[in-house]
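Just below is one structure, and these are the notes that go with it.
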Amino acid sequence: MEIIPAIDLIGGQCVRLTEGDFSQQTTYDSNPLEVAKRFESHGIKRLHLVDLDGARARKPVNLAVLETIAANTGLVIDFGGGLQSEEAVKQAFDAGASQITAGSIAVRQPETVKDWLLKYGAEKIIIGADFKGTNIAISAWTEESKYPLQDFISGYVKTGARLFICTDVSKDGKLQGPSLNTYRHLSLTLPDAGIIASGGVTTIEDLEELQEIGVKGAIIGKAIYEGTIHLKDLERFIC
């Protein structure tokens with residue numbers, strides 16, 4: 001299981017939101033590069049970098065931060081937030097992203113994302129499957145669609161997608177534990193989908209349970225910044 005710390009960006013700083021709510025923002029560090037270097041110093045190889053300014057602007061805003069981290073670390077970075085066009089995707093790759101996450105556009109414009117999968121390959125394009133309950137969440141997580149999570153992922157698997165960040169919006173940033181039953185069900189019923197669990201990871205025990213379920217990766221955000229998970233304790237999960 002891949003351990004994937006998250007850095008969420010607003011104004012070039014590391015922040016965390018609760019349930020994606022911009023009014024519930026905590027700023028943790030003004031230097032994202034130093035945070036990324038700390039991750040790397042503990043053997044971590046991956047980074048989930050989210051441009052929250054870009055998500056609101058519907059175009060990338062923090063590409064300079066991406067470029068700085070990519071140039072000064074060896075981290076494999078997946079970048080998301082505001083990637084609504086082919087030009088934006090190209091900008092992210094040019095700035096040093098190894099992968100991009102297609103979020104709301106994967107719901108609203110599936111044909112566009114299918115084109116990206118064909119052009120860049122399934123290892124480069126991660127599908128963002130944000131969910132509330134059993135359905136996909138849209139409109140910056142403020143709305144629960146009528147699109148079932150299971151069907152959404154299954155449909156993309158059929159078109160060649162292989163990687164899915166599945167974020168439980170109701171748990172994100174709340175340190176209440178991940179949706180283990182959902183991830184267990186997805187792993188059992190969709191074996192061709194690489195499920196990356198996101199939202200609610202709070203303790204090392206959460207990670208152990210996710211590893212046992214067999215998810216491909218786990219994204220950890222607030223737990224690191226609040227100290228409920230220590231970077232040193234993550235080293236045993238890293239090959």
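Side notes on the structure shown:
- Of the residues making up region 183-239, those that are in contact with a helix residue (DSSP H, G or I) (Cβ under 8 Å, 6 or more places away or on another chain) and of a type in the set (F, W, Y) are Y183, F237.
- Counted residues, region 183-192 - those being surrounded by 20 or more Cβ atoms within 10 Å (Cβ to Cβ) and either modelled with pLDDT under 95 or out of contact with any Leu (no Cβ under 7 Å at 6 or more places or on another chain) (or both): 1
- Residue tally, condition open to solvent by 10 Å² or more (accessible area, probe 1.4 Å) and in a strand (DSSP E or B), over region 199-218: 0
- Among the residues listed as I196, I165, I100, I126, the single one being hydrophobic (A, V, I, L, M, F, W, C), farther than 23 Å from R56 by Cβ and modelled with pLDDT of 95 or more: I196
- Pick from region 40-68, criterion over 18 Å from E87 (Cα atoms) and part of a loop (DSSP other than H, G, I, E, B), ranking: most open to solvent (accessible area, probe 1.4 Å): K45
- Among residues of region 73-123, those that are within 18 Å of K158 (Cβ to Cβ), open to solvent by 50 Å² or more (accessible area, probe 1.4 Å) and among the polar types (S, T, N, Q), counted: 1
- Pair list, Cβ under 9 Å, 6 or more apart: region 104-126 residue within 22 Å of I136 (Cβ to Cβ), other residue part of a helix (DSSP H, G or I) and open to solvent by 60 Å² or more (accessible area, probe 1.4 Å): T112/E86; D115/E86; W116/E86; I125/K119
- Total residues in region 224-239 satisfying the condition of being free of Cβ contacts under 8 Å to residues at least 60 places away in the same chain and surrounded by fewer than 21 Cβ atoms within 10 Å (Cβ to Cβ): the figure is 7.
- Output for region 92-115, where each listed residue is of a type outside the set (V, I, T) and under 20 Å from R46 (Cα atoms): A92, F93, D94, A95, G96, A97, S98, Q99, A102, G103
The values are calculated or read from the model by the stated rules, or taken from the named source; none is laboratory data. The structure presented is a predicted model; accordingly, all values stated were derived computationally and were not measured. Here the Cβ is made from the backbone with ideal geometry for all residues, glycine too, and neighbour counts use every protein chain on show. Each accessible area value is taken on the protein alone, full model and side chains, heavy atoms only, with ligands, DNA and RNA left out. Shrake-Rupley method; radii C 1.70, N 1.55, O 1.52, S 1.80 Å.
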